[in-house]
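Below is one structure, written out as C-alpha cells; comments come after it.
The values are calculated or read from the model by the stated rules, or taken from the named source; none is laboratory data. No experiment lies behind these values; they were computed from the predicted model shown. For neighbour counting, all protein chains shown are included, and Cβ atoms are generated from backbone atoms with ideal geometry for every residue, glycine included. Keep in mind that these areas ignore ligands, DNA and RNA; they rest on the heavy atoms of the full protein, side chains included. Shrake-Rupley method; radii C 1.70, N 1.55, O 1.52, S 1.80 Å.
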Amino acid sequence: MDTHASLSPQGLQRFGALRTDAINAVSARFYADHSSIYARFGDKGREACAEDLGFHLEFLRPVLEFGLLAPLVEYLHWLASVLEARGVPTEHVAQSLDWLGEFFAAKLDPADAEVVVAALDAVKAKFLEQDDSLPEMYAKLPTAWPERANFESALIAGDRRQAATIVGRYLDQGCGLVDTELHVIQPALYGIGQQWQRNQVSVAQEHLATAIAQSVMVQGMLRSNPAPSNGRKILLACVEGNQHAVGLQMVADAFEIAGWEVNCLGANVPTASLVLHAAQWKPNLVGLSISFPQQFKGVKSVISRMNDVIGAHRPPVIIGGMAINNFARLADRIGANAWSPDAAAAVVSGTRIASPPGAD
C-alpha cells in the first residue's frame with residue numbers, strides 16, 4: 001500500500017512551525033559529518049543543502065496531510081539523480097530522512113512524533129527499493145514528433161530563429177498549434193528538464209529555453225484561427241507558489257482556439273486575488289496549474305475561498321500540471337471537479353463540466 005496515517009491539524013501546525021529549525025539542524029549535521037564532501041561547494045552548497053531539506057519537508061507535508069507516500073518518494077528519486085550527477089553520494093538522501101526523523105522525534109509530542117517518524121521510515125523503505133521505471137509524467141507523454149530533438153537542441157543553443165522555423169514548418173503542413181505544442185514543445189522542455197537533472201545543462205540554459213518556447217508559442221498563436229466564440233469563459237492561473245507557467249499557456253492557447261474567452265493570470269497568483277477576479281469576472285470554468293505536490297494545498301485553498309465568496313454559483317474547477325500528472329490519485333481529495341493530463345484533454349474535460357453560458 002502507498003498510504004500512511006495522516007497527522008492531526010494541530011500536529012501539522014507544530015510540524016510547520018519547526019521547519020526552519022529542522023533545516024538548520026540537519027544541514028549542520030551534514031556539514032559536520034561530511035565536511036570533506038560539502039566544503040568544495042562553499043556558501044552556495046550550504047544554501048543548496050538547506051533548500052533541498054526545505055523541499056524534503058514541503059513534500060513530506062502532503063504525506064502527513066493526505067496520507068500518500070508517492071510524492072515524496074518520487075521527489076527523492078529525482079533528487080538522488082541530481083546529487084549523483086554533482087558528485088554527492090545518494091546515500092545521503094536516505095540519511096537525511098533518518099536525521100529528520102531524529103529531530104522531529106525530539107521536538108514533537110509523542111503521538112505526533114510517531115506518525116512523522118513512521119512516515120519517514122516508510123518513505124525511506126520505498127526510496128531504497130530498486131526502481132528503474134520512468135516517472136509517471138514522462139511515461140505518459142504523447143508520442144514526440146520527428147523534429148522534437150532538433151527543437152530541443154535549438155532551445156538549448158538559444159537559437160530562437162531555428163526553434164521558430166521548426167514550429168512554423170509544422171504549422172505550414174497544417175498541424176494545429178495545440179498538437180504542435182503537445183508533440184514538439186512540451187516533450188522538448190521535459191527533455192531539457194531531464195538534462196538539467198543530469199547536470200548537462202545550466203539553470204540559465206533552462207530559463208532561456210523556456211523563454212524561447214514561450215515566444216514561439218506566441219508566434220504560433222498569431223497564426224492560428226480560433227473557432228467562433230462559444231460564449232464560455234475560462235479563468236486560468238498557477239496557484240500561489242507555482243512559478244511554472246508554460247504549460248498553463250498551452251492550456252490557454254487550446255481553450256482560445258476552441259472558441260473560449262480566456263483570462264490567463266500566469267504564474268504564482270495570490271489566492272485572494274484569484275478568487276476576487278473569479279467573483280467579478282464570473283467564468284464558466286476555472287483551471288488551476290500545480291507543479292509540485294505541496295501545491296495541492298493551494299488548490300484546496302482556492303476552492304474553499306471560492307465556496308465562501310461565490311457560494312452555490314462557484315464555477316467548476318479543473319486542475320493540471322506536473323504534480324497532477326504524477327499523482328492523479330490526489331485530485332479527488334482536494335475538491336477539484338476534474339483533472340487533465342494535457343491541454344487538448346483539458347478542453348474536452350472542461351467543456352464537459354463547465355457551467356453553461358449565462359448560468360450565473
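Summary of computed values
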item: Entirely in the stretch 4-98, the helices (runs of 4 or more DSSP H) that have 2 or more residues that are polar (S, T, N, Q); result: 9-17, 19-33, 35-38
item: Failed item, numbered, when residue 167 is tested on (1) closer than 27 Å to residue 351 by Cβ; (2) modelled with pLDDT of 95 or more; (3) open to solvent by 20 Å² or more (accessible area, probe 1.4 Å); result: (3)
item: Residue list for the stretch 252-282, restricted to those being surrounded by 24 or more Cβ atoms within 10 Å (Cβ to Cβ) and under 17 Å from residue 356 (Cα atoms); result: 255, 260
item: Those residues of the stretch 250-269 which are in a helix (DSSP H, G or I) and touching a strand residue (DSSP E or B) at 6+ places or on another chain (Cβ under 9 Å), in sequence order; result: 251, 252, 253, 255, 256
item: Looking only at the stretch 44-65, and only at residues there that are within 16 Å of residue 6 (Cβ to Cβ) and over 17 Å from the mean Cα position of the chain (by Cα), the one that is most open to solvent (accessible area, probe 1.4 Å); result: 65
